[in-house]
1. Taking the range 24-49 only, how many residues are of a type in the set (A, V, I, L, M) and surrounded by fewer than 11 Cβ atoms within 10 Å (Cβ to Cβ)?
2. Yes or no: ASP94 more than 13 Å from the chain's Cα centre (by Cα) and without any contact (Cβ under 8 Å) to a residue 24 or more places away in the chain?
3. Only one of SER132, SER117 is in contact with a strand residue (DSSP E or B) (Cβ under 6 Å, 6 or more places away or on another chain) and either modelled with pLDDT under 90 or surrounded by 17 or more Cβ atoms within 10 Å (Cβ to Cβ) (or both); which?
4. Any idea how many residues of the range 98-119 are assigned to a loop (DSSP other than H, G, I, E, B), closer than 17 Å to PRO143 by Cβ and touching a residue at least 40 places away in the same chain (Cβ under 8 Å)?
5. Only one of these is surrounded by 11 or more Cβ atoms within 10 Å (Cβ to Cβ), among the β-branched types (Val, Ile, Thr) and at pLDDT below 90: THR52, THR82, THR98. Name it.
6. Could you run through the range 140-164 and say how many residues are surrounded by 16 or more Cβ atoms within 10 Å (Cβ to Cβ), touching a residue at least 24 places away in the same chain (Cβ under 8 Å) and not in a helix (DSSP H, G or I)?
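The values are calculated or read from the model by the stated rules, or taken from the named source; none is laboratory data. Computed from a prediction, not measured in an experiment: that's the story for all the values here. Because the Cβ atoms are built from the backbone with ideal geometry, glycine has one as well, and the counts that use them run over all protein chains shown.
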Amino acid sequence: MRPVISVVGKSKSGKTTLVCKLIRELKSRGYKVSTVKHDVHGFDIDKPGKDTWKHGEAGASTVVISSPTKMAMIQQLEQEKTLDEILEKIEDADIILTEGYKREDKPKIEVVKTDRSTKPVCNPSELVAIASNDKNFEFEKTPVYHWDDARGLAKLIEKEFLSNT
(Lines give C-alpha, C1' and ligand atoms only; values in the text may rest on other atoms or scores of the structure.)
Protein backbone atom coordinates (compact mmCIF):
# COMPACT_ATOMS: atom_id res chain seq x y z
CA MET A 1 0.00 0.00 0.00
CA ARG A 2 1.33 3.43 -0.83
CA PRO A 3 1.94 5.71 2.12
CA VAL A 4 -0.26 8.68 2.98
CA ILE A 5 1.17 11.41 5.21
CA SER A 6 -0.99 14.30 6.40
CA VAL A 7 0.55 17.72 7.00
CA VAL A 8 -1.62 19.37 9.64
CA GLY A 9 -1.62 22.42 11.86
CA LYS A 10 -3.53 25.53 12.71
CA SER A 11 -4.61 28.01 10.05
CA LYS A 12 -1.77 30.15 8.67
CA SER A 13 0.88 27.93 10.29
CA GLY A 14 2.73 27.18 7.04
CA LYS A 15 1.20 23.86 5.97
CA THR A 16 1.04 24.70 2.26
CA THR A 17 4.62 25.97 2.24
CA LEU A 18 5.84 22.75 3.87
CA VAL A 19 3.79 20.52 1.54
CA CYS A 20 5.30 22.29 -1.50
CA LYS A 21 8.83 21.88 -0.14
CA LEU A 22 8.20 18.19 0.56
CA ILE A 23 6.82 17.66 -2.95
CA ARG A 24 9.95 19.18 -4.49
CA GLU A 25 12.30 17.23 -2.23
CA LEU A 26 10.55 13.87 -2.70
CA LYS A 27 10.35 14.41 -6.48
CA SER A 28 14.07 15.18 -6.57
CA ARG A 29 14.58 11.75 -4.97
CA GLY A 30 12.64 10.13 -7.81
CA TYR A 31 9.23 9.61 -6.18
CA LYS A 32 5.86 10.29 -7.81
CA VAL A 33 3.99 12.50 -5.36
CA SER A 34 0.26 13.23 -5.31
CA THR A 35 -1.56 15.57 -2.94
CA VAL A 36 -5.03 16.04 -1.50
CA LYS A 37 -5.96 19.41 0.04
CA HIS A 38 -8.84 19.50 2.53
CA ASP A 39 -10.88 22.70 2.48
CA VAL A 40 -13.53 22.93 5.17
CA HIS A 41 -14.85 26.18 3.68
CA GLY A 42 -15.62 24.88 0.19
CA PHE A 43 -13.96 25.98 -3.03
CA ASP A 44 -14.68 26.66 -6.69
CA ILE A 45 -12.17 25.98 -9.45
CA ASP A 46 -14.63 26.64 -12.24
CA LYS A 47 -14.90 30.10 -13.76
CA PRO A 48 -18.35 31.54 -14.49
CA GLY A 49 -18.99 31.70 -18.23
CA LYS A 50 -16.50 28.94 -19.16
CA ASP A 51 -17.79 25.80 -20.89
CA THR A 52 -17.30 23.50 -17.87
CA TRP A 53 -19.09 26.00 -15.64
CA LYS A 54 -21.98 26.08 -18.14
CA HIS A 55 -22.14 22.26 -18.06
CA GLY A 56 -22.45 22.32 -14.27
CA GLU A 57 -24.98 25.13 -14.31
CA ALA A 58 -27.05 23.11 -16.79
CA GLY A 59 -27.22 20.29 -14.24
CA ALA A 60 -24.31 17.91 -14.93
CA SER A 61 -23.46 16.04 -11.72
CA THR A 62 -19.88 15.44 -12.91
CA VAL A 63 -17.88 17.59 -15.31
CA VAL A 64 -14.48 16.48 -16.60
CA ILE A 65 -12.13 18.67 -18.59
CA SER A 66 -9.24 16.93 -20.28
CA SER A 67 -6.27 17.96 -22.39
CA PRO A 68 -3.10 16.17 -23.51
CA THR A 69 -1.32 17.25 -20.30
CA LYS A 70 -4.00 17.69 -17.59
CA MET A 71 -7.36 16.45 -16.45
CA ALA A 72 -9.74 17.79 -13.80
CA MET A 73 -13.01 16.41 -12.51
CA ILE A 74 -15.62 18.52 -10.77
CA GLN A 75 -18.21 16.38 -9.05
CA GLN A 76 -21.24 17.67 -7.17
CA LEU A 77 -21.57 15.92 -3.81
CA GLU A 78 -24.47 15.37 -1.49
CA GLN A 79 -22.02 14.67 1.31
CA GLU A 80 -18.27 15.00 1.70
CA LYS A 81 -16.16 12.06 0.52
CA THR A 82 -13.95 10.39 3.08
CA LEU A 83 -10.22 10.65 2.59
CA ASP A 84 -10.04 6.93 1.80
CA GLU A 85 -12.69 7.35 -0.93
CA ILE A 86 -10.65 10.17 -2.46
CA LEU A 87 -7.40 8.20 -2.21
CA GLU A 88 -8.96 5.34 -4.22
CA LYS A 89 -9.21 7.69 -7.22
CA ILE A 90 -5.51 8.60 -7.26
CA GLU A 91 -3.43 6.59 -9.67
CA ASP A 92 0.29 6.31 -10.24
CA ALA A 93 1.72 7.75 -7.00
CA ASP A 94 4.48 6.45 -4.76
CA ILE A 95 3.30 8.65 -1.89
CA ILE A 96 0.33 10.90 -1.19
CA LEU A 97 0.65 14.00 0.95
CA THR A 98 -2.49 15.54 2.33
CA GLU A 99 -2.89 19.02 3.67
CA GLY A 100 -5.35 18.97 6.49
CA TYR A 101 -7.34 15.91 7.53
CA LYS A 102 -6.12 16.20 11.12
CA ARG A 103 -8.97 13.96 12.31
CA GLU A 104 -8.17 11.11 9.89
CA ASP A 105 -6.18 8.06 10.95
CA LYS A 106 -3.12 8.76 8.77
CA PRO A 107 0.40 9.48 10.05
CA LYS A 108 0.89 13.22 10.49
CA ILE A 109 3.52 15.91 10.40
CA GLU A 110 2.26 18.87 12.36
CA VAL A 111 3.41 22.39 11.60
CA VAL A 112 3.66 24.40 14.81
CA LYS A 113 4.22 28.13 14.44
CA THR A 114 4.97 29.19 17.99
CA ASP A 115 3.47 32.67 17.69
CA ARG A 116 0.14 31.01 16.81
CA SER A 117 0.27 27.96 19.07
CA THR A 118 2.30 26.63 21.96
CA LYS A 119 1.04 23.06 21.70
CA PRO A 120 0.27 20.71 18.78
CA VAL A 121 -3.38 19.95 17.97
CA CYS A 122 -2.60 16.22 17.52
CA ASN A 123 -1.74 13.59 20.08
CA PRO A 124 1.88 12.40 20.12
CA SER A 125 0.78 8.91 19.01
CA GLU A 126 -0.52 10.35 15.71
CA LEU A 127 2.62 12.30 14.87
CA VAL A 128 5.57 11.21 12.77
CA ALA A 129 7.24 14.58 13.32
CA ILE A 130 6.72 18.22 14.12
CA ALA A 131 7.93 21.04 11.87
CA SER A 132 8.38 24.22 13.87
CA ASN A 133 9.89 27.66 13.55
CA ASP A 134 11.34 27.19 17.07
CA LYS A 135 14.46 25.00 17.08
CA ASN A 136 13.98 24.43 20.83
CA PHE A 137 10.36 23.25 20.55
CA GLU A 138 9.74 19.89 22.25
CA PHE A 139 6.67 17.66 22.38
CA GLU A 140 6.83 14.32 24.12
CA LYS A 141 9.18 12.03 22.15
CA THR A 142 8.11 13.34 18.74
CA PRO A 143 11.05 14.33 16.52
CA VAL A 144 11.09 18.07 15.84
CA TYR A 145 12.47 19.53 12.59
CA HIS A 146 12.86 23.13 11.58
CA TRP A 147 10.02 23.94 9.20
CA ASP A 148 12.54 24.76 6.46
CA ASP A 149 14.15 21.32 6.77
CA ALA A 150 12.31 19.58 3.94
CA ARG A 151 15.41 17.49 3.27
CA GLY A 152 15.41 16.11 6.83
CA LEU A 153 11.67 15.46 6.79
CA ALA A 154 11.89 13.76 3.39
CA LYS A 155 14.71 11.57 4.71
CA LEU A 156 12.47 10.56 7.64
CA ILE A 157 9.53 9.86 5.31
CA GLU A 158 11.77 7.85 3.00
CA LYS A 159 13.16 5.77 5.88
CA GLU A 160 9.84 5.17 7.64
CA PHE A 161 7.40 4.89 4.70
CA LEU A 162 9.15 4.49 1.35
CA SER A 163 11.93 2.01 2.01
CA ASN A 164 9.80 -0.86 0.63
CA THR A 165 8.52 0.87 -2.54
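1. In the first step, residues of the range 24-49 are kept if they are of a type in the set (A, V, I, L, M); the result is 26, 33, 36, 40, 45.
With the extra rule that they be surrounded by fewer than 11 Cβ atoms within 10 Å (Cβ to Cβ), the set shrinks to 40, 45.
Adding up the residues that qualify gives 2.
2. no
3. Numbers: SER117 fails: in contact with a strand residue (DSSP E or B) (Cβ under 6 Å, 6 or more places away or on another chain).
Testing whether each residue is in contact with a strand residue (DSSP E or B) (Cβ under 6 Å, 6 or more places away or on another chain) and either modelled with pLDDT under 90 or surrounded by 17 or more Cβ atoms within 10 Å (Cβ to Cβ) (or both) leaves just SER132.
4. Number of matching residues: 1.
5. Details: THR82 fails: at pLDDT below 90; THR98 fails: at pLDDT below 90.
Sole residue among the options that is surrounded by 11 or more Cβ atoms within 10 Å (Cβ to Cβ), among the β-branched types (Val, Ile, Thr) and at pLDDT below 90: THR52.
6. 1
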